[in-house]
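Structure first, commentary second.
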Amino acid sequence: KRTSMGKDRGKGVRNSTLDATSLPTGFIGFGSTSNSTQNESEDLNPELQLVFKSLSKRDPITKLKALQELSSIFSNLEDETQRKLTLRSYGKSFSRLWEESDRRVRENSCKTLVTMVNSLQVKKELAPHIKAIYPSLVALLFDNAPEVATAARVALDVVMAPPKQTEAAVFCKVEIIRSIQDKLTETIQTLGGKSSEGGETQEKFDRIISSQISSLAYLLAMLPIPETEKSKDEIVTFFDKGNTSLWNFFSMKSNAIVRKSSYHLVTVLVQQFPEFVENNLEKFLGIVSGMLGS
């Protein structure tokens, strides 16, 4: 039995890793299926209900214990309905856990995902939940804690075979962009929470904003040429209408981690969307000048 996170990490990867052909056509994620999932927590068995209740607590130690328990339970879970409900519930939890201030929670949320995927007998069981998991998993690739970023890379490679990750990024493009848009409108106050210390709140804000900017760079760099052509208008809308605050993040001279991710995004934009950069040349020249002078 596998009773701890990350144990036997490589076992079953070949059988459990999804390829793009396993992705459901037209699936639009969790946000639009609220009616079907409203009572899902009540349908989980009592043991799993308790685990997910613990995952919603503020205390990081409680969350870590719950992640360990979830890994152990799911590894030995034979009931197909319970597996589906657990995957769905963990997809929702994962979209919150990636923001946790405690590095260990973020790291072990990825390791738990690996354990769960490796425990699946049929890889297509994961397919309906990809769009819920993917945006958070991409963001964790750019976590400022090396242990977390490494765990996220392992998890991503287990969830989706590396040769198919470009197709997965295109498949999840709308969800990734929506997540980025939501987070870039956050402030230190809205991200901090009632129990956060001042320094901890700033660190969390910096980490989340920088990871979202890097996620956008990752997505744009992954897009194949036909998809890049189709995305031109979306990029203009993203910058000029939906996320005017992104220009402000580019100018944050005092914040090294956000500045680094912004420079990465500017580089990708120059490579992938040169026409957009040319049309906003004055802004980009000011950004690059500010970065070089900071």
**OP:** Run the 1.4 Å probe and let me know the accessible area of Y218, rounded to the nearest 10 Å².
**Re:** 30
**OP:** Would you kindly give the portion of the calculated P(r) for the range 116-176 that falls above 13 Å, as a percent of all Cα pairs?
**Re:** 63
Original post:
Looking at the range 39-94 from every direction and averaging, what is the projected area of its Cα convex hull in nm²?
Top reply: 3.5
Subject >> Inter-label distance for E203 and N248, nm, one decimal - labels placed 7 Å from Cα along Cα-to-Cβ >> reply: 2.5
Subject >> Unsatisfied cross-links (Cα-Cα over 32 Å) in the set K63/K84; K123/K204; K204/K230 >> reply: K123/K204; K204/K230
Subject >> Amide H contacts under 5 Å for M160, placed H, 5+ residues apart >> reply: L18
Original post:
So for the pair D233, E47, with labels modelled 7 Å out along Cα→Cβ, what separation do we get in nm?
Top reply: 5.3
Subject >> Amide N of the range 74-95 lying under 19 Å from the label point, which is placed 7 angstrom from the Cα of Q121 along Cα→Cβ >> reply: 74-88
Original post:
Could you give the Stokes-Einstein D for the range 31-161 in µm² per second, using the C-alpha Kirkwood radius, 37 °C, 0.692 mPa s?
Top reply: 224
Original post:
Sorted by accessible area with a 1.4 angstrom probe, largest first, how do R259, R58, R104 fall?
Top reply: R58, R104, R259
Subject >> Note, ³J(HN,Hα) from phi for the range 204-212, Karplus 6.51, -1.76, 1.60, rounded to Hz, x at Gly and Pro >> reply: 5, 4, 4, 5, 5, 5, 5, 5, 6
**OP:** At a temperature of 25 °C and a viscosity of 0.890 mPa s, determine how fast the range 111-231 diffuses translationally according to Stokes-Einstein, using the Kirkwood radius over alpha-carbon pairs as Rh; express D in µm²/s, rounded to the nearest whole number.
**Re:** 159
**OP:** Could you give the C-alpha radius of gyration of the range 77-119 expressed as a fraction of 2.2 N^0.38 Å, taking N as the number of residues it contains?
**Re:** 1.22
Subject >> Amide N of the range 262-279 lying under 16 Å from the label point, which is placed 7 angstrom from the Cα of T166 along Cα→Cβ >> reply: 272-273
**OP:** Rounded to the nearest 0.05, what FRET efficiency do E147 and Q189 give with R0 = 45 Å and r taken as the Cβ-Cβ distance? Could you check?
**Re:** 0.95
Subject >> Links that overshoot a 24 Å alpha carbon limit, given the list K57/K164; K53/K111; K173/K283; K183/K232 >> reply: K57/K164; K173/K283
Original post:
Residues of the range 83-165: accessible area per residue at 1.4 Å, in Å²?
Top reply: 31
Original post:
Label points 7 Å out from Cα along the Cβ direction at K84 and T62: separation in nm?
Top reply: 3.1
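The values are calculated or read from the model by the stated rules, or taken from the named source; none is laboratory data. Model, not experiment: these values are computed from the prediction. Virtual Cβ from ideal backbone geometry, glycine too; neighbours counted across all protein chains shown. SASA here: full protein model, heavy atoms, side chains in, ligands and nucleic acids out. Shrake-Rupley method; radii C 1.70, N 1.55, O 1.52, S 1.80 Å.
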